[in-house]
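Written below as structure tokens is the structure these notes are about.
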Amino acid sequence: MQNPSTGTARGNGAVRSGQIADTLRAVRVRRVPPHAYFVVSAVFHYLGPAFAVLLFAHVQPLGVAWLRIVTAAAVFAVWRRPWRRWRSADRATRRSLLAWGALLAAMNSSFYLAIDRLPLGTVAAIEFLPVIALAAVAVRSRRNLLALVTAVAGVYLLTDVHLAVEPLGLFFAALNAALFALYVVLAHRASRNPAVSGIDGLALAMLIASAAALPVGIVQAVPALSDPGLLAAGVGVGVCSSVIPYVCDQLAMARLSRGTYALLVSLLPATATVIGVLVLVQIPVPLEVAGMALVVLGVAVHRERSPDIPGDPADIPAGPPDVRSGAAPAPTPPPDSDR
């Protein structure tokens, strides 16, 4: 017969070992700068869509968008089993997740309709414009104001949009831009929500998005469903477009203020232009190259707010992330602080 005290000791030892392992994983994640997670996100954010453009010859844009969403939803379902978080979430969190999921469905669909009609770099530049407003709200120093102005000038040169060429494409690009700004707000909020813990919230939102996009998307995805090669390509687009970048977004957002993240988004037009050259042979003109240089300079000039300066709580870096969820716990306010 097992000695009860021995069994308890072993149980406590197992718990301590698990806690130590979680702590070590957290330390390893913290050693990676949050900006590095953003760079990975920025690369894959447009690498997947660049491959999606190549699929448009066989599958219509909304079908490719749905394959992207449903692939990500399936990966997150197997990896995170997010429905367990849904059962324990409060009503406000559930409403936020439903809004996030509907937004992901609409944003991805409008984005694919835009890149079917416009160059990838142009869509990315338009996508950035509303997000710069989020960075402007967070500007509280001359240095960051200079960074913001520089980045805006770079995006202006990158845009070089010919309004008469494709008005419908510009409409979808503008719609995608507005939805992307909302995505930054909702995703940043979810990254610090202890009820859903970052990546679990993303997984729930992606499941909701797959259901929201189903009625239209599955009809246009039929050619891929009967062709293993096209289906595999669609799955690859989903992993590159929605799994890798969105997970990296959550890991970056958990440790960056919303204003800093919004400014870093100015890297996306430059990233999209480079990927457009390498994958789609969309060669930029000299003004677009100058725009990319200004965007990178603006990001380099910007500096994160110091955590010891009182101000917007969103500007205060969060604590060590929960590696199992990919999120960071909310900062604990001082005992005498007003709520």
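In the stretch 219-299 the Cα-Cα distances spread across 10 Å bins starting at 0 as 15, 30, 31, 19, 4 percent of all pairs.
What is the distance, in nm, between label points placed 7 Å from the Cα along the Cα-to-Cβ direction at VAL219 and at LEU54? In this crude label model, VAL219 to LEU54 measures out at 3.0 nm.
Here the spin labels are modelled as points 7 Å beyond Cα on the Cα-Cβ line, and at ARG81 and ASP227 they lie 3.8 nm apart.
Mind grabbing the accessible area of ARG84 for me, 1.4 Å probe, Å², rounded to tens? It works out to around 130 Å².
Rg and Dmax over the alpha-carbon atoms of the stretch 37-106 stand at 15.0, 44 Å. Residues in the stretch 64-213 average 41 Å² of solvent-accessible surface per residue, probe 1.4 Å, ligands and nucleic acids excluded.
The values are calculated or read from the model by the stated rules, or taken from the named source; none is laboratory data. Remember, it's a predicted structure, so these values are computed and weren't measured experimentally. As a convention, Cβ positions derive from the backbone with ideal geometry for all residues, glycine included, and neighbour counts pool all protein chains shown. These area figures cover heavy atoms from the full protein model, side chains too; ligands, DNA and RNA do not enter into them. Shrake-Rupley method; radii C 1.70, N 1.55, O 1.52, S 1.80 Å.
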